[in-house]
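Written out below as structure tokens is the structure these notes cover.
The values are calculated or read from the model by the stated rules, or taken from the named source; none is laboratory data. The model shown is predicted, which means the values in this text are computed figures rather than measured ones. FYI the Cβ positions are ideal-geometry reconstructions off the backbone, even for glycines, and counts take in every protein chain you see. Calculation scope for accessible area: heavy atoms of the full protein, side chains included, ligands and nucleic acids excluded. Shrake-Rupley method; radii C 1.70, N 1.55, O 1.52, S 1.80 Å.
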Amino acid sequence: NALMTTTFIFFEGILALVCILMFFNAETMIKLVASGFDAEKVALTAKLFKILCTFILFVSSSSLLAGALQAVNHFLIPALGPVLLNVIFIAAISACLYFDLPITYLCYAILISGIASFILHLVAYFRFGFGFGNITAIAKKELKSLIMRFVPVMISMSIMEINLFIDIGFSSYLPDGSVAIINYANRFMGIPLGVFAVAFSTILLPHFARVKMQEPERLSFYLFEASKLVMWVTVPVSLFMMAFSEQIFSTLFLSAKFPMEKILQAKMVLIAFLA
């Protein structure tokens, strides 16, 4: 409880400062991310970003709470969190299309989904007997140890996001819809990655931690077997999605606003992401 309190103050404090800086410098940040946008697009994107920037606080808080839940082998609520986000997102975008609502309504719905996910995790956190305690010297020491482990993981996990950041920067100079195509392809690529690799590694993490403490000589065996399983699942799924990438986009998106020309572009981008 003391460690969770210390961790919350440290990480969420940093994120809160970042969110405040980004909120008051939204247009500057958008110009850096998508330097090819004209003034009208920058103004609209900055307006939407100001609604959404606090979303990261709720999602990151949910992730911290999920860490405690996973430590006691409870994976249901952490797994339901992204599901809840997607359900609210799909419902909101359907409502916006049906009632012809402005996109700001969708942004508020996404923010609400983040708040709902945080509340869900918080309720589960307390139901499993966790709480928040006073900051102790031991908790401070554990936080330092945690940060030392966090930094290399942050670098490795952020590589994909940095690549996406660069892709969006380039695509902002391309014709309208290019940024959307990059994002669609990235989201579809996340299906085999998230459903199999990320979910599997999340479940295995507490198990591997116990093996490391109790039978360290067995860890390499378990890691190798887990890696083989992930590869045997993700490679065929990725190849299948490559083969049917055109059908995926044409089935879901083919319309006057998303013609065959863009379908073929999205197909090639998805194949690149999957590879």
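Checked across the range 223-232, the condition of being touching a residue at least 40 places away in the same chain (Cβ under 8 Å) and among the polar types (S, T, N, Q) holds for no residue. Of the residues making up the range 1-17, those that are open to solvent by 50 Å² or more (accessible area, probe 1.4 Å) and free of Cβ contacts under 8 Å to residues at least 24 places away in the same chain are 14, 17. Scanning for something touching a residue at least 24 places away in the same chain (Cβ under 8 Å), under 16 Å from the mean Cα position of the chain (by Cα) and over 30 Å from residue 2 (Cβ atoms), does the range 60-83 turn up at least one residue? Looking for residues that are touching a residue at least 24 places away in the same chain (Cβ under 8 Å), under 16 Å from the mean Cα position of the chain (by Cα) and over 30 Å from residue 2 (Cβ atoms), one finds none in the range 60-83, hence no. From the set of residues in the range 86-96 that are among the β-branched types (Val, Ile, Thr) and surrounded by 14 or more Cβ atoms within 10 Å (Cβ to Cβ), which is farthest from the chain's Cα centre (by Cα)? It comes out as 93. For the range 118-129, indicate whether the set of residues that are closer than 19 Å to residue 62 by Cβ, among the small types (Gly, Ala, Ser) and modelled with pLDDT of 90 or more is non-empty. Yes: the range 118-129 contains one or more residues that are closer than 19 Å to residue 62 by Cβ, among the small types (Gly, Ala, Ser) and modelled with pLDDT of 90 or more.
Here is a check on your reading of the model: is residue 31 touching a Phe, Trp or Tyr at 6+ places or on another chain (Cβ under 7 Å) and either open to solvent by 80 Å² or more (accessible area, probe 1.4 Å) or outside any helix (DSSP H, G or I) (or both)? So residue 31 fails the test. Does the range 252-263 contain at least one residue that is out of contact with any Ser or Thr (no Cβ under 9 Å at 6 or more places or on another chain), closer than 30 Å to residue 71 by Cβ and without any contact (Cβ under 8 Å) to a residue 24 or more places away in the chain? No; the residues of the range 252-263 include none that is out of contact with any Ser or Thr (no Cβ under 9 Å at 6 or more places or on another chain), closer than 30 Å to residue 71 by Cβ and without any contact (Cβ under 8 Å) to a residue 24 or more places away in the chain. Looking only at residues in the range 46-56 that are in contact (Cβ under 8 Å) with a residue 40 or more places away in the chain and of a type in the set (A, V, I, L, M), the one that is surrounded by the fewest Cβ atoms within 10 Å (Cβ to Cβ) is 52. When 59, 72, 83 are checked against the criterion of being under 29 Å from residue 148 (Cα atoms) and open to solvent by 60 Å² or more (accessible area, probe 1.4 Å), 72 stands alone in meeting it.
Condition (residue is in contact (Cβ under 8 Å) with a residue 24 or more places away in the chain, in a helix (DSSP H, G or I) and crowded, with 18+ Cβ neighbours inside 10 Å) applied to the range 36-45: is it met by at least one residue? Within the range 36-45, not a single residue is in contact (Cβ under 8 Å) with a residue 24 or more places away in the chain, in a helix (DSSP H, G or I) and crowded, with 18+ Cβ neighbours inside 10 Å.
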